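The values are calculated or read from the model by the stated rules, or taken from the named source; none is laboratory data. It should be emphasised that the depicted structure is a prediction, and the values quoted were computed from it without experimental measurement. FYI the Cβ positions are ideal-geometry reconstructions off the backbone, even for glycines, and counts take in every protein chain you see. Ligands, DNA and RNA are excluded from the accessible area calculation, which covers all protein heavy atoms including side chains. Shrake-Rupley method; radii C 1.70, N 1.55, O 1.52, S 1.80 Å.
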Amino acid sequence: MAMQDARGMRGTSRRGRIRFLFALGVFFLLTALSAALAQEARSLQGIVTDPSGASIAQATVSIHARDGSFQLSTSTDGLGRYRFGAIAPGEYIVEVAGPDSFRAVSRSVVVGSDADPLDISLPLDQLREEVIITASTTPLTVEQTSKALDTVDRAEIDARDEYSLAESLRLIPGLRVRRQRGPGGQTAIQIRGMRAEDTAVLLDGFRLRDGADIGGSASPLLDDLMVVSTNRVEVLRGSGSTIYGSGSTGGAINVVTDHGGGRLHGEILSEGGGLGMTRGLARFGGGALEDRLNFSAGLTHLNVTNGIDGQDAHRNSGIHGAAQYVLSPSASLSGRIMASDGFLQLNDSGFIPSEAQVNLPANGLSRAIPLPVDQQRLLERGQPFQIGSSTFVPDLNDPDSRHSSSFFVGAVQFTQQLGTRGSFRIGYQGLETNRNYRDGPGGIRFEPMFNNSSSFNANIDTLQVRADWEQGRHQLFSFGYEFERELYDSPSSDENPDPSLRVKTSIRSEQRHQSVFAQDQFRWLDSRLQFSLGGRIQTIRVSEPEFSGGASPFAGFSLNAPKSAYTGDMSVAYHFSESGTKVRAHAGNAFKAPSLFQRFGASFFFGSFSPFGDPRLSPERTVAFDAGLDQWLAGNRVRLSATYFYTRLQEVIIFDFAGGINPATDPFGRFGGYRNSGGGLTRGVEVSLAAAPSSGTDLRASYTYTNADEATSSVATGDFFKRFLVSDHMFTLNLLQRFGQRVDVAFDFFAASEFPAPFFTSFGTRAFLFDGPMKADVTASYKWPLTDRRSLRVFGKIENVFDREYFENGFRSAGIWGTVGLAFEF
């Protein structure tokens with residue numbers, strides 16, 4: 001045995017050396033290629049001033065190549081001067097953000113053989129003019145984008161004291177962030193009334209998702225995604241599969257990493273307060289070697305000891321960092337990592353007790369009236385309780401149900417500019433996700449006789465190769481190839497005292513995706529007219545699943561190649577510079593590939609597997625269109641936006657136990673499970689306002705109307721077609737106010753109208769109508785300058801100021817609570 005272990009260790013070591021030598025060889029090859037293709041270095045420099053002409057120190061200056069192949073940052077010195085000393089000739093967008101990042105401006109520049117200094121005046125009383133990547137994967141200014149897109153930057157996240165990436169997006173028009181219970185609770189994001197699985201999450205343009213999720217989406221990761229080293233988050237509303245592949249049928253959320261640059265800067269933060277919550281954060285960033293090396297890193301820990309009912313403990317630790325090295329004026333190598341490790345005590349889902357059946361109407365919608373807290377505590381202790389007029393019981397405490405999770409994602413990318421007109425990139429991302437659910441006999445509803453454990457693990461490897469070519473100054477053509485390998489493993493076990501009856505099973509499966517994509521962007525009339533056209537073809541190959549602990553229910557079934565997906569996308573925008581008006585339109589189709597769980601999922605009872613997956617499933621398909629208008633007023637101090645959107649789900653995947661699957665004709669003998677079905681329809685209007693009436697004031701508000709219907713009814717009576725968990729009306733308000741240079745106050749408000757949710761009763765599934773959430777938060781901070789580069793900041797936040805009680809799909813949310821904290825900034 002020792003010899004076998006030694007051989008295994010030597011084999012592992014040998015494979016590790018081979019991988020290391022291969023990576024080292026690739027690095028030297030790319031370095032040699034970079035040297036061979038290196039261009040003569042150019043420089044860009046200038047001074048950043050305010051409208052009065054005074055220089056601005058510690059402003060962040062970033063430069064973006066027009067084709068997206070190159071990005072670098074630095075900061076201004078005490079005289080407001082900045083300099084990029086090793087860049088290739090070409091067209092760039094220069095973005096300048098003030099020391100507090102509340103104001104930003106962007107300018108286009110062509111760097112040639114003798115580039116003139118580019119001095120930039122930073123307006124202090126206008127809206128931010130940030131650079132946006134997600135709309136087309138290439139940098140664009142707000143005036144140039146032809147799609148509906150909004151951004152939340154780090155300055156706003158800090159001003160609102162948000163630690164959760166999902167919560168920081170709550171005020172985006174058309175978005176519904178749904179979190180069950182308090183910190184760490186299950187989180188989902190819906191865009192324009194679509195399902196949570198229709199929202200793609202990206203990390204610097206790479207898909208970030210859990211391959212072991214039921215729908216293969218990012219939803220299980222949202223609970224653990226915390227703000228660590230994030231520069232900004234961009235939210236694209238509308239189909240995005242042509243650019244970002246499977247899953248972006250409703251839109252895409254792109255988390256943009258802070259790559260550092262400039263002088264060393266960062267903060268050390270600590271806060272704590274209600275729900276037994278404490279949080280720590282340390283992060284830093286900067287540049288070295290005359291800013292040829294940009295870097296950033298951070299780590300955080302969140303600990304909640306009590307939660308809502310005193311037994312909702314939650315812990316989460318996260319890291320996030322990145323580095324970029326400029327190999328030559330025309331080449332760069334970058335990498336980043338993000339990881340998280342979390343724990344959460346779980347509650348049971350809400351339910352309809354038999355005592356509440358008499359309070360339900362004979363048919364139609366039932367009003368969701370929760371069991372009072374005092375009666376719920378009696379029920380949890382197994383004591384008699386009074387149902388009163390209640391129609392449902394919210395989530396009951398389950399003392400031995402818990403959830404642990406972790407993920408690690410790392411990426412590396414090499415970029416080479418080819419002269420002044422082209423570039424190519426090659427990048428790799430590896431993602432590992434792990435989730436484990438444990439439960440025991442504690443609790444009162446359908447509890448197991450002894451402890452059990454179910455795990456859901458996945459690995460996703462993604463390789464992207466892309467080239468961009470400029471045909472003059474008016475056309476940018478991009479094309480590329482993507483390969484993705486997805487592995488799924490789901491082991492389950494229990495602790496039956498009889499070893500012969502213990503369950504120990506697992507399901508392992510794999511599928512591979514290959515895609516080719518192309519995009520052509522045009523700009524005419526001094527960039528006032530923007531037009532983009534793109535397409536994508538994706539093929540899928542599925543491997544034979546492996547079942548252990550029982551016979552495979554799919555044995556003997558021939559796995560044919562699943563259907564390929566074909567998508568196209570077109571957008572156009574025209575900016576009337578004289579009136580400050582932009583009209584835009586975006587149309588395209590999108591798809592979502594079936595997850596491995598949907599293909600091969602199965603339950604295990606009495607020694608055998610019962611399938612509910614179907615390897616024959618076709619991809620989900622949607623068609624979407626939106627058109628809108630953006631109007632700038634008062635010298636870029638005000639922006640009004642209005643968008644009409646329409647999305648038709650042509651084909652979706654549903655879980656059917658209502659008779660849609662006939663075991664006599666189903667090749668796997670299923671009584672129910674996943675199958676393809678007709679989709680539904682979503683349409684509505686988004687209206688938003690952004691204003692900067694003074695240098696210290698930022699105001700944003702939005703209203704969204706959504707009408708979402710399903711093609712088939714999912715209730716027992718067959719007469720309800722509204723999409724569950726979608727409110728017809730949503731309203732958001734965000735006010736950031738700065739008083740002088742030291743005091744910041746933020747107020748944000750979110751409200752949604754009532755929404756339907758499904759619950760199972762003795763008469764089958766019925767629709768219950770819940771009151772929509774109404775939540776307001778207030779944050780205030782005071783900054784003490786210690787030196788010109790160091791300061792202390794004390795801050796506090798009150799959540800749910802109006803102490804409104806609301807429920808997310810039967811789960812009670814926290815009432816009013818707050819935190820206080822202290823941060824050292826440098």
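Just a few scattered comments:
- Listed by chain and number, the aspartates and glutamates whose C-alpha is less than 12 Å from the C-alpha of Lys563, apart from same-chain residues fewer than 8 away, are Glu620.
- Cleavage-rule hits, chymotrypsin sites (Phe, Trp or Tyr not before Pro), region 724-785, DSSP coil, Cβ neighbours within 10 Å at most 15: Phe763
- Multiplying the residue separation of Leu681 and Asp526 by 0.36 nm and subtracting their alpha-carbon distance yields 52.0 nm.
- Electrostatic bookkeeping for Leu689 treats Lys and Arg as +1 and Asp and Glu as -1; over the other residues with beta carbon under 15 Å from its beta carbon, the sum is -1.
- Heavy-atom accessible area order for Asp656, Asp204, largest first, 1.4 Å probe: Asp204, Asp656
- In order along region 136-153, the phi-based Karplus estimate (6.51 cos²θ - 1.76 cosθ + 1.60, θ = phi - 60°) of 3J(HN,Hα) comes to 9, 6, 10, x, 9, 7, 4, 5, 8, 6, 10, 10, 6, 8, 10, 10, 10, 9 Hz; Gly and Pro are listed as x.
- The solvent-accessible area of Thr415, taken with every protein chain present and a 1.4 Å probe, is close to 10 Å².
- Label-point separation, Leu735 to Asp771 (7 Å along Cα→Cβ), nm: 2.4
- With both labels modelled 7 Å from their Cα along Cα-to-Cβ, the Ser753 to Phe479 distance reads 4.9 nm.
- Calculated [222 nm] ellipticity per residue, helices only, for the chain: -2500 deg cm²/dmol; basis is -39500 (n - 2.57) per DSSP H run with n ≥ 4, divided by all residues, nearest 500.
- Near Val465, once Lys and Arg are set to +1 and Asp and Glu to -1 for all other residues with Cβ below 10 Å from its Cβ, the sum equals +1.
- Ignoring aspartates and glutamates fewer than eight residues from Lys775 along the same chain, the ones with Cα atoms less than 13 angstrom from its Cα are Glu167, Asp748, Glu799, Asp803, Glu805, Glu808.
- A 1.4 Å probe run over the protein chains yields, for region 138-213, 17 Å² of accessible area per residue, whole-number rounding.
- Amide H contacts of Val503 (H built 1.01 Å from N, in plane; Pro and chain starts excluded): Asp494, Asn496 sit under 5 Å, all sequence-distant by 5 or more or on other chains.
- Translational diffusion coefficient (Stokes-Einstein; Kirkwood radius from C-alpha pairs) of region 409-530 at 25 °C, 0.890 mPa s, in µm²/s: 129
- Summing charges over all other residues whose Cβ lies under 10 Å from the Cβ of Gln186, with Lys and Arg as +1 and Asp and Glu as -1, gives +1.
- Amide H contacts of Gly193 (H built 1.01 Å from N, under 5 Å, at least 5 apart or other chain): none
- Backbone geometry of region 794-806 corresponds, through the Karplus equation with coefficients 6.51, -1.76 and 1.60 at θ = phi - 60°, to 3J(HN,Hα) couplings of 9, 8, x, 9, 10, 9, 6, 3, 7, 6, 7, 8, 8 Hz, x marking Gly and Pro.
- Of all accessible heavy-atom area on the chain, the percent that carbon and sulfur account for (1.4 Å): 59
- Relative to the current alpha-carbon distance between Leu289 and Ala323, full extension at 0.36 nm per residue lengthens the span by 10.9 nm.
- FRET efficiency estimate (nearest 0.05) - Cβ-Cβ, Ser713 to Val503, R0 35 angstrom: 0.45
- Each label point was placed 7 Å from the Cα along the Cα-to-Cβ direction; for Asn662 and Ser270 their separation is 6.9 nm.
- Relative contact order of the chain: 11 percent, from C-alpha pairs under 8 Å at least 6 residues apart in sequence.
- Convex hull of alpha carbon positions in region 93-133: directionally averaged projected area 3.5 nm².
- Prolate/oblate/rounded call for region 326-426, Cα gyration tensor, a/c under 1.5 rounded: prolate
- Å² of accessible area per residue within region 423-547, as computed with a 1.4 Å probe and no ligands counted: 48
- Probe 1.4 Å - accessible area at Phe657, Å² to nearest ten: 140
- Residues Ala54 and Glu546, FRET efficiency given R0 of 60 Å [Cβ-Cβ distance, rounded to 0.05]: 0.30
- Principal-axis analysis of the Cα atoms of the chain puts helix 2-37 at an angle of about 30° to the longest axis.
- In this structure, Phe671 and Phe824 have a Cβ-Cβ separation that, at R0 = 41 Å, corresponds to a calculated FRET efficiency of about 0.10.
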